[in-house]
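A quick write-up on the structure given underneath.
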Amino acid sequence: MDVHYTIVIADDHPLFRNALFQSIHMAISGANLLEADSQDSLFALLDKSGDIDLLLLDLKMPGSNGMSGLIQLRQQYPELAIVVISASEEDTVVQQVYSHGAFGFIPKSSDMHVLLSALKQILNGEPYFPTTINHNPHHQQLATKIAALTPQQYKVLTMLTEGLLNKQIAYELNVSEATIKAHMTAIFRKLEVKNRTQAVILLQQLEIN
């Protein structure tokens with residue numbers, strides 16, 4: 001394949017990133033490969049990079065909270081082709097990935113032949129999923145709520161899951177505590193919850209075990 005593609009590999013394991021890097025170069029000559037090892041570094045990379053043809057996304061990077069990271073990416077970059085590459089290979093995970101708008105799912109256990117074949121199919125514009133897909137209305141509702149959050153509200157919510165207090169979150173984001181309280185009010189309203197505990201539980205429902 002001689003078409004020049006720009007592909008982002010987002011995974012926090014350097015060895016796997018490197019293996020994927022080598023595999024893609026074998027399959028796609030002249031591919032421009034970029035790397036990210038966390039949700040924050042991924043968003044920073046996408047913000048400053050131009051035309052990205054494909055994002056290969058691990059669901060368990062720091063800051064991603066499983067499916068919620070995918071949902072936020074879909075919300076902010078609706079045109080971006082996102083393919084999840086994950087060690088969590090259960091049918092339910094594949095179903096969720098599909099329902100949250102990914103273009104494909106490749107199990108990390110796939111051998112080289114399957115991986116390269118899947119990548120070529122995806123770059124030819126055809127989605128790749130290893131199992132039959134069914135929709136889950138509950139996860140669709142959760143996804144809609146998470147997608148309604150602004151990037152800053154999402155960041156506040158993920159910090160809540162880490163057990164940080166309002167004062168600590170304000171310090172980390174370099175804003176006032178009053179701003180964080182305003183974010184909290186908006187988050188609770190959009191997620192239709194009454195307190196931080198309920199908000200954290202809702203987000204945890206989208207995590208991958």
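The values are calculated or read from the model by the stated rules, or taken from the named source; none is laboratory data. Remember, it's a predicted structure, so these values are computed and weren't measured experimentally. Cβ coordinates were reconstructed from backbone atoms using ideal geometry, including for glycine residues, and neighbour counts include every protein chain displayed. When the accessible area is computed, the model is the full protein with side chains, heavy atoms only, and any ligands, DNA or RNA have been set aside. Shrake-Rupley method; radii C 1.70, N 1.55, O 1.52, S 1.80 Å.
Filter the range 122-151 down to the residues that are touching a Leu at 6+ places or on another chain (Cβ under 9 Å) and open to solvent by less than 30 Å² (accessible area, probe 1.4 Å), then identify the one that is modelled with the highest pLDDT. Even if it seems obvious, please write down each step before you answer.
Start the filter on the range 122-151 by keeping residues that are touching a Leu at 6+ places or on another chain (Cβ under 9 Å), which leaves 122-123, 128, 139, 142-143, 145-146, 148-149.
Narrowing the set further to residues that are open to solvent by less than 30 Å² (accessible area, probe 1.4 Å) leaves 122-123, 139, 142-143, 146, 149.
Details: Ile122: 86, Leu123: 83, His139: 68, Leu142: 76, Ala143: 73, Ile146: 79, Leu149: 83.
Ranking the candidates gives Ile122 first.
Could you please find all residues in the range 152-207 being in a loop (DSSP other than H, G, I, E, B) and either under 22 Å from Leu73 (Cα atoms) or open to solvent by less than 80 Å² (accessible area, probe 1.4 Å) (or both)?
Of the range 152-207, the ones in a loop (DSSP other than H, G, I, E, B) are 162-165, 174-176, 192-195, 205-207.
Those that are in a loop (DSSP other than H, G, I, E, B) and either under 22 Å from Leu73 (Cα atoms) or open to solvent by less than 80 Å² (accessible area, probe 1.4 Å) (or both): Glu162, Gly163, Leu164, Val175, Ser176, Glu192, Val193, Asn195, Gln205, Leu206, Glu207.
Evaluate the following for Val156: is it under 22 Å from Phe43 (Cα atoms) and either aliphatic (A, V, I, L, M) or at pLDDT below 85 (or both)? Give the derivation first.
Values: under 22 Å from Phe43 (Cα atoms): yes; either aliphatic (A, V, I, L, M) or at pLDDT below 85 (or both): yes.
Yes; evaluated as a whole, the condition is true for this residue.
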Check your understanding: Taking the range 91-123 only, how many residues are charged (D, E, K, R) and under 15 Å from the mean Cα position of the chain (by Cα)?
Key -> 0
Point to revise | Condition check for Ser109: open to solvent by 50 Å² or more (accessible area, probe 1.4 Å) and either under 18 Å from Phe21 (Cα atoms) or at pLDDT 80 or above (or both) | key: yes
Point to revise | Tally of residues being at pLDDT 85 or above and touching a Leu at 6+ places or on another chain (Cβ under 9 Å) across the range 159-168 | key: 2
Review point. Out of Glu35, Glu89, which single residue is outside any loop (DSSP other than H, G, I, E, B), open to solvent by 60 Å² or more (accessible area, probe 1.4 Å) and not β-branched (Val, Ile, Thr)?
Key: Glu35
